[in-house]
Structure formats: structure tokens, C-alpha cells
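What follows is one structure encoded as C-alpha cells, with my remarks underneath.
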Amino acid sequence: MTSAIGASEFGIVLLLTILIVVPIAGVAFARSGKALEELGKGRFSIDRDDDLGSDTTATDSAETAERELSEEVRQMIEAADFRSQARGEGRLDIEREIERLMAREVPAGTTPPVRTEDQTTSGGGDPDPRTDESGLREEVRQLVVANNERRARRGEKPLDIESEVDRRMKEWG
């Protein structure tokens, strides 16, 4: 025989549960005291009381920011040095690179340097597309050379490298 709980039995069970659980929860809440005040605090919290000391001055925070920036630049240069060693290239002078990057830091409220007219033009006329963005142009050239090698392996006619580089530079704009 199966017995199903009817509506009246369910009401009695619910009433007994509430009458038993609510007082127990109230006693537990009243006895928790300081535990609720400490909730969310600890070694890993962001807003600890010792982080909010009133003895910290603007100079201290500026020095801290400078020290953190210097450490981040050092980590970046060390990672670049590691990658260059992995590629079989020479080592970087980490200290010199840090000094160079920190010296080129743009002060707040100023704009970074912009290319002047004489840097982007050849002979005072229109910009020469062969000298403008030479690093990007060299990467596009390497891409075209790699494409030509794949075309040669498939037995297709290779493309003219310079005209293809010019076309792609114009296309990618």
C-alpha cells in the first residue's frame, strides 16, 4: 500500500518544521555575535583595515606606484629576454632597457609624440609608401614570400613580390 501525504498532513509537517527550525535559527543567529562582523574579512580581502591606514601620504603612494611600475617593466623586459633567448637571439641588457623605457615615460596630461612631416615624406612630397610603416611592410613581404613558397609547392605560378606587397598594403590600408 502506498500512502500519499495529503494536504492536511503536509500542513502539519510544515507547521512543525517552522516551529522547530525558526527558534533554533534565532538562537544560532543571536550567539554568532562577532562571527558575522568578521564575515568577508581576512588575509585575502581587498578592504582590510591595515590597508586603509591614515598615515599613508600622497608621496608614499606615488613612490609605491613608481616601484610597482618599475617592477612591471622589469617583468616585461625579462619575459622579452627569455623569448629572445628561446628564439636563439642574443640577450637583452635588462637594466639598460628598463632605464630607456622609464625615461620615455610620457607625463600625465600630455600627448605622446607624433610623427612630423619630414619623418613621413620623402623630399617634401607625398608620403612614400615604401618607407612608411616599414616594419609592417616587412611583415607583409614575409607573408607574400611564404604564400609564394606554398604556391610553388602546389605547382602554381608565383606572384610578383613587390606588386603583391603594394596591393596588400593598399588593401589593408
ask   = Hey, does the stretch 90-109 have a residue that's within 30 Å of Asp166 (Cβ to Cβ) and either at pLDDT below 70 or not assigned by TED's automatic domain parsing to the domain that holds Met169 (or both)?
value = no
query = So Ser134 clears everything in (1) modelled with pLDDT of 65 or more; (2) farther than 24 Å from Val165 by Cα except one condition, right? Which one?
reply = (2)
task = For the stretch 133-173, name all the residues that are assigned to a helix (DSSP H, G or I) and aliphatic (A, V, I, L, M).
result = Leu136, Val140, Leu143, Val144, Val145, Ala146, Ala152, Ile161, Val165, Met169
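The values are calculated or read from the model by the stated rules, or taken from the named source; none is laboratory data. Note that the structure is predicted; figures quoted are calculated from it, not measured. Don't worry about glycine lacking a Cβ; one is built from the backbone with ideal geometry, like all the others, and counts go over all protein chains shown.
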